[in-house]
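Visitor: Okay, handing you the structure first.
The values are calculated or read from the model by the stated rules, or taken from the named source; none is laboratory data. Since we're looking at a predicted model, the values are computed, not measured. So basically every Cβ, Gly included, is an ideal-geometry build from the backbone, and we count neighbours across all protein chains shown.
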Amino acid sequence: MKKVILSLILLSAICFQLHAQKIYSTKTGQIKFNASSPLEKVAAVNDQVDSKMVDKTGQIIFSALIKSFKFENQLMEDHFNENYMESSKFPKAEFRGYITNASTVNFAKDGKYPVSFDGTLTIHGVQQKVTATGVMVIEGGKPAITGSFKVKIKDYGVTGSYIGDKIANEAEISVNCKYE
């Protein structure tokens, strides 16, 4: 009887290891956006992005506080938060989705792996489906992701008199996260 119980415990431990998932995370990821026009440089960076990723399923989440985007010009940052993004009302932006080809990434082997993302981006309280591509680099067992995509500003309910004039109609969003 002891052998049967010990065998069941051992078998359960082996099965658990086979199905174990590793969750990688960072609180210092970076998101940049650029909505510059020929008339004005409109670009900002946020170095306080919270992100989590599950290796086996490819599930990934990025979350950024809007007020953490920093501009070269303080007045532009104030207008961004108050007049365009309404960061008091909509304090964060978030992407929830999957790395659609996560099974092609060998998290145990250093290298560069092309990755594709599919999910929902929420900005200004509006959700839109987004697809993007990027690169995952595994170094020393730790992944890092870079990628970029474009969004139409008005698709997210962001309005303002300078969009299409001093502010581009589309913003390019770049992501760079190193996970632990």
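Visitor: Yes or no: Ser25 among the hydroxyl-bearing types (Ser, Thr, Tyr), under 12 Å from the mean Cα position of the chain (by Cα), closer than 27 Å to Ala132 by Cα and surrounded by 15 or more Cβ atoms within 10 Å (Cβ to Cβ)?
Guide: Taking the combined requirement at face value, the residue does not satisfy it.
Visitor: Restrict the check to segment 148-163 and report whether at least one residue is under 15 Å from the mean Cα position of the chain (by Cα), of a type in the set (Val, Ile, Thr) and either assigned to a strand (DSSP E or B) or modelled with pLDDT under 95 (or both).
Guide: yes
Visitor: Which condition from (1) exposed (fewer than 14 other Cβ atoms within 10 Å of the Cβ); (2) of a type in the set (Ser, Thr, Tyr); (3) more than 12 Å from the chain's Cα centre (by Cα) is the one that Thr120 breaks?
Guide: Evaluating Thr120 over (1) exposed (fewer than 14 other Cβ atoms within 10 Å of the Cβ); (2) of a type in the set (Ser, Thr, Tyr); (3) more than 12 Å from the chain's Cα centre (by Cα) leaves (3) as the failure.
Visitor: Only one of (1) in a loop (DSSP other than H, G, I, E, B); (2) surrounded by fewer than 18 Cβ atoms within 10 Å (Cβ to Cβ); (3) at pLDDT 95 or above fails for Ser87. Which number is that?
Guide: Ser87 satisfies all of (1) in a loop (DSSP other than H, G, I, E, B); (2) surrounded by fewer than 18 Cβ atoms within 10 Å (Cβ to Cβ); (3) at pLDDT 95 or above except (2).
Visitor: Would it be correct to say that Val175 is assigned to a strand (DSSP E or B), within 14 Å of the chain's Cα centre (by Cα) and closer than 25 Å to Lys41 by Cβ?
Guide: yes
Visitor: Ok, one more. Return the residues of segment 90-119 that are under 16 Å from Val135 (Cβ atoms), assigned to a strand (DSSP E or B) and among the hydrophobic types (A, V, I, L, M, F, W, C); say none if nothing qualifies.
Guide: Result: Ile99, Val115, Phe117.
Visitor: If you check Lys52 against the conditions, is it outside any strand (DSSP E or B) and either buried (at least 16 other Cβ atoms within 10 Å of the Cβ) or not small (Gly, Ala, Ser) (or both)? Lay out the reasoning, then the answer.
Guide: Working: outside any strand (DSSP E or B): no; either buried (at least 16 other Cβ atoms within 10 Å of the Cβ) or not small (Gly, Ala, Ser) (or both): yes.
No: the conditions fail for Lys52.
Visitor: If we scan segment 69-76, do we find a residue that is within 15 Å of the chain's Cα centre (by Cα), closer than 30 Å to Asn106 by Cα, modelled with pLDDT of 95 or more and surrounded by 10 or more Cβ atoms within 10 Å (Cβ to Cβ)?
Guide: No, there is no match, as no residue in segment 69-76 is within 15 Å of the chain's Cα centre (by Cα), closer than 30 Å to Asn106 by Cα, modelled with pLDDT of 95 or more and surrounded by 10 or more Cβ atoms within 10 Å (Cβ to Cβ).
Visitor: Could you run through segment 81-96 and say how many residues are farther than 28 Å from Tyr179 by Cβ and either among the basic types (Lys, Arg) or without any contact (Cβ under 8 Å) to a residue 40 or more places away in the chain (or both)?
Guide: The number of residues fulfilling the criteria is 5.
Visitor: Could I ask something else about it? Which residue pairs have Cβ atoms under 8 Å apart, sit 6 or more places apart or on different chains, and have a first residue in segment 30-46 that is touching a residue at least 12 places away in the same chain (Cβ under 8 Å) and within 11 Å of Phe80 (Cβ to Cβ) and a second that is small (Gly, Ala, Ser) and assigned to a loop (DSSP other than H, G, I, E, B)?
Guide: Hits for this filter: Ala35/Ala168; Val42/Ala35; Val42/Ser36; Val42/Ala168; Ala43/Ala35; Ala43/Ser36.
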